[in-house]
Every structure is written in C-alpha cells, then in structure tokens.
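Taking it in order: structure first as structure tokens, then the write-up.
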Amino acid sequence: MRPRGPGDPGRGRAARLRAPPGRRADGAAGWPVSTGAESTRFRIQRLRYQDLPQVIAIERRAFPAPWSLAMFVLELSKTAGVCLGAWRSEEALAGYCICSRYDTIWHIMNISVDPVLHRRGVATAMLDDLFTRLPDPEAQFTLEVRQSNLPAIALYERYGFLIAGVRKRYYQDNGEDAYIMWRTAATLEGRLDDVPNAGPVQPTPGTVPPPGGRR
Ligand SMILES: CC(C)(COP(=O)(O)OP(=O)(O)OC[C@H]1O[C@@H](n2cnc3c(N)ncnc32)[C@H](O)[C@@H]1OP(=O)(O)O)[C@@H](O)C(=O)NCCC(=O)NCCS
C-alpha cells in the first residue's frame, strides 16, 4: 500500500486466518491487550483527529514519501472507513492502520508502527481488530506494497493476502513497482479465482521474487 490516498487502487475482504497464538489481540475494547513475546500491551481504538500529530510523527519516520496531514484528515472524515490506532499507554501511540471502503472493496491504505516497537505484535493487534470489526466472510480486501518490503509482505501473507498483480513504477520516490495483494474467500484457501484481474506476476529484475513462489 502506500502513496496517494483518495482514488488509490484498492484493498479487500474479511478474514478467517488468524495470527498465531500469543500474537493475537482482540483489542476492540479496553485494556489490556497482550501481544508479543515481550508482553507488550496495546489498546486498539479508532483514531481521532487529535491523534494525528502522533500519527504524522510515526509516518515521517516510516516512509520516504510520507502522507500529508490533509491525507489523514480526509481518511478520518470518511464515514465508511476504519482508521485504527494502537496505544501502548493512555497517551502514546504505537501505530495506526487506515482502511477505506470503495464500492464493495476494502482498501488497506496505510499501516505503520513506531520503529522502536517493530516486531512486538502492534500490526498484528491492529489487523486482528480490523478483521474482527469487518467479519463478513465475503468481504474483499486489497492493498499495494513495495516489492522490496519483505516485512510487510510477510505480515499480509499471514493474514491470507496473496500477490495478484503488479503496478509498475507505482512509487514516485524511486520508481519501485508495487505488488497488488488481495484477501478474499479464495485467497484464504490459497487461490486467486475470485480476485478481480488477477494474473501471473513476474518478478521485476533486481527485486525480490513473489514470496512463497506465489503468483
Ligand atoms: C510492516 C509493519 C507494519 C509490521 O509491524 P509490526 O508491528 O512490526 O508487525 P508484527 O510485530 O505484528 O509482526 C507480525 C508478523 O509480520 C511479519 N514481520 C513483521 N516484521 C517483519 C520483519 N522485519 N521481517 C520478517 N517478517 C516480519 C512476521 O511474520 C511477524 O510475525 P512474527 O514476529 O511472529 O514472526 C512495520 O514493519 C512497519 O511499520 N514498517 C514500516 C511501514 C511499512 O512498511 N508499512 C507497510 C506499508 S505496505
């Protein structure tokens, strides 16, 4: 996922796959949410406008071409969207996840975690919460991810996303291609037959091959 917000190509469906035991957080309500081997605790709740300064601070450390404040404001203003934050204390934001609905398809527009809290289950807690909020088994989710972003690709594959296409030179900062990933009823069973416009994916020379040998 990443660049531009509005009008960006999409994301998809609801879920059955779960993070492994010990990494899951039901976080929809209240403390404590226990995740990760280091017993870090996170509370998941909807983002508010007053949270955006912390969101921007994480965003600027996470991405070479960060979203603007206006892009986040727009996403929070959408009634159909789900914008979640993960808190490690009453005040401190650990990460955020922006999910927008376009027609019938959910697009994961942005997910990012404070770099000092990587690999402690923050993203897992947010995605568990997101899919709990959107439990329709027919829901479809999609996103774009840099071909070089192996941590994110591994995260999405854990949730049943499969690579189903490539957007050439999607990222303006370095011209990198994006993988298009989908999570649908079929991808949760390892297939792509209900994914719109799915096709074979040839790795771009100089980048990584599709994880797991998937298309
Ligand atoms: C991708 C990102 C959101 C993951 O957040 P996180 O809170 O560290 O992820 P979690 O701790 O919940 O990890 C869940 C799983 O994702 C995969 N994963 C996460 N980071 C990984 C890494 N560095 N290397 C390999 N796999 C990784 C693993 O399967 C991991 O499970 P495990 O720790 O039990 O092996 C985080 O690295 C990040 O903010 N990156 C910068 C922003 C970004 O690239 N966002 C995605 C844009 S498409």
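The values are calculated or read from the model by the stated rules, or taken from the named source; none is laboratory data. This one's a predicted model, so the numbers in the text were calculated from it and none came from an experiment. Here the Cβ is made from the backbone with ideal geometry for all residues, glycine too, and neighbour counts use every protein chain on show.
Looking at segment 89-135, which of its residues are within 14 Å of LEU47 (Cα to Cα), within 14 Å of the ligand (Cβ to nearest atom) and charged (D, E, K, R)?
Once the filter is applied, which keeps residues that are within 14 Å of LEU47 (Cα to Cα), within 14 Å of the ligand (Cβ to nearest atom) and charged (D, E, K, R), segment 89-135 yields only ASP129.
Testing TYR170 on (1) in contact (Cβ under 8 Å) with a residue 12 or more places away in the chain; (2) part of a loop (DSSP other than H, G, I, E, B); (3) surrounded by fewer than 20 Cβ atoms within 10 Å (Cβ to Cβ), one condition comes back false. Which one is that?
So the condition that TYR170 fails would be (3).
With respect to ARG146, is the statement that it is of a type in the set (Lys, Arg), more than 16 Å from ALA185 (Cα to Cα) and more than 15 Å from the ligand (Cβ to nearest atom) true?
On the way: of a type in the set (Lys, Arg): yes; more than 16 Å from ALA185 (Cα to Cα): yes; more than 15 Å from the ligand (Cβ to nearest atom): no.
Judged against the criteria, ARG146 is not a match.
If I go through segment 41-60 residue by residue, how many of them are at pLDDT below 95 and either touching a Cys at 6+ places or on another chain (Cβ under 6 Å) or closer than 28 Å to TYR170 by Cβ (or both)?
Going through segment 41-60, the residues at pLDDT below 95 turn out to be 41-42.
Still in the list and also either touching a Cys at 6+ places or on another chain (Cβ under 6 Å) or closer than 28 Å to TYR170 by Cβ (or both): none.
Counting residues in segment 41-60 that are at pLDDT below 95 and either touching a Cys at 6+ places or on another chain (Cβ under 6 Å) or closer than 28 Å to TYR170 by Cβ (or both) gives 0.
Looking at (1) assigned to a loop (DSSP other than H, G, I, E, B); (2) at pLDDT 95 or above; (3) surrounded by fewer than 18 Cβ atoms within 10 Å (Cβ to Cβ), which is the only condition GLY199 fails?
For GLY199, the exception is condition (2).
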